[in-house]
Each structure stands twice: as C-alpha cells, then as structure tokens.
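Read through the structure below, which is laid out as structure tokens, and then see the notes.
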Amino acid sequence: MWKRPPLTSCEKLALYCTQKSGVPGIKMLSRAVQSVQDGSGSPLESQFYLFYALSARLGGEGWPRPSLNQRITFSDPARRVAGQRSCVADILFPGQRGVIEVLGKRFHADEMGFEERNGRTAGLEAMGYRVVEVTHQHMARLEGLDLRLTSIARQLGLPQAKRTAAFIKRRHELFLEVFPHGLT
C-alpha cells in the first residue's frame, strides 16, 4: 500500500511558500515545512517522527535528522543470516548505527512480515546496527511513548530534551494534536 509515489515533497512545499509570500498563513506553513522531512513510509512513521525530530520548544526530542526508509545492503555474512540481500530501515541514524522500526498493527501483523522482520533484525545486528522497535502499543498512550523515547535515546546515545514543566506541557499538547482521536 505504501509503495506509491509521494503526493508532494518538502522542496515543492518550500517553493510554494516562496511563491505565495504574503498570503495569510504562509509563514506558519513555511515554518512547518522546515520541521518535516521526505521519506516516511506510513502515517504511523510520520506521527512518530514528530516526537523525536521536532525541537523541544515544540514538544519533540530534537534528535538529528535520520534517513527515512533507507535501503541497507547486507554484507555476505549478514545476508546469510537474514536470508535476503538488503532491507529498508524505517528510521536510520547512521552516526549511531541505529535503526528504529515502526511496526504498525495493520502492516506487520502477518506471519511473513514477522519472519522477514526477524531475518532483517538478525542481519542488521550482524553488521553492528542496534535495532529498536516502536509498536502501535508504545504510541497508544503518552506515558508509553515517553518511556520508549527514553529507552531509544539511551540505547542509541541520542540526547533527550530536558523534562521541564514547560516541555511536559508542550509534549502533552503535541500528543493531543498528533492523535486528536486517540491512536487507531
């Protein structure tokens, strides 16, 4: 389902903002475009992106921009373990050699997806990557999401935003904006 081409890109949106300078709301859109990145493979990946990539001022962790849906070619030993030539990492932090896989309920529930995911994880770990999963369940409640982000930060050596009262308030507001009707 997610193999279709994107409807737009950050570059096209930025160009649009430049062309529409002076139009009401365009400054806000321009700031929003600076906070996003091309390459997400699913709505859940996009939603998760906001919590780790946005600045602390907006309720995010402010982590460095990763590569999204990046193909990784396995070495020969990793290929033998994985049973495949390559894989696509949902979120790749190359400097930390960390991969985050966002596992939505709808798209990773089948038996083959389970087998492929396990082979991929073994192959990536054989090449020295740390693989961390984020599930629908982790994101269903703000407390669970915060615990998962803390764990990922620790495992991959990524910074965490200071948990001030103002940050906690902004994080809660972000959660309600991203999941206004809860996580479905």
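The values are calculated or read from the model by the stated rules, or taken from the named source; none is laboratory data. Here the structure is a predicted model, which is why all the values come from computation and not from measurement. In this analysis, Cβ positions are derived from the backbone assuming ideal geometry, glycine residues included, and neighbour counts consider all displayed protein chains. Accessible surface is based on the protein model in full, side chains and every heavy atom, while ligands, DNA and RNA are left aside. Shrake-Rupley method; radii C 1.70, N 1.55, O 1.52, S 1.80 Å.
Identify all residues within the stretch 4-45 that are over 22 Å from residue 58 (Cα atoms), more than 23 Å from the chain's Cα centre (by Cα) and among the hydrophobic types (A, V, I, L, M, F, W, C); write none if there are none.
15, 23
Do we have residue 163 as out of contact with any Asp or Glu (no Cβ under 6 Å at 6 or more places or on another chain), loosely packed, with under 13 Cβ neighbours inside 10 Å and either over 12 Å from residue 51 (Cα atoms) or of a type in the set (Ser, Thr, Tyr) (or both) here?
yes
Looking at (1) in contact (Cβ under 8 Å) with a residue 60 or more places away in the chain; (2) within 16 Å of the chain's Cα centre (by Cα); (3) in a helix (DSSP H, G or I), find the lone condition where residue 61 falls short.
(3)
Given the condition surrounded by fewer than 18 Cβ atoms within 10 Å (Cβ to Cβ) and aliphatic (A, V, I, L, M), answer yes or no: does some residue in the stretch 81-90 qualify?
Yes, that holds for at least one residue.
When you check residue 78 against the structure, is it surrounded by 16 or more Cβ atoms within 10 Å (Cβ to Cβ) and not in a helix (DSSP H, G or I), yes or no? Spell out how you get there, then give the answer.
Working: surrounded by 16 or more Cβ atoms within 10 Å (Cβ to Cβ): yes; not in a helix (DSSP H, G or I): no.
Here the answer is no, as residue 78 does not meet what is asked.
Name the one entry in 171, 148, 106, 120 that is modelled with pLDDT under 95, among the basic types (Lys, Arg), open to solvent by less than 60 Å² (accessible area, probe 1.4 Å) and under 22 Å from residue 49 (Cα atoms).
One residue alone meets the criteria, 120.
Which ones in the stretch 30-51 are open to solvent by 40 Å² or more (accessible area, probe 1.4 Å), modelled with pLDDT of 85 or more and hydrophobic (A, V, I, L, M, F, W, C)?
50
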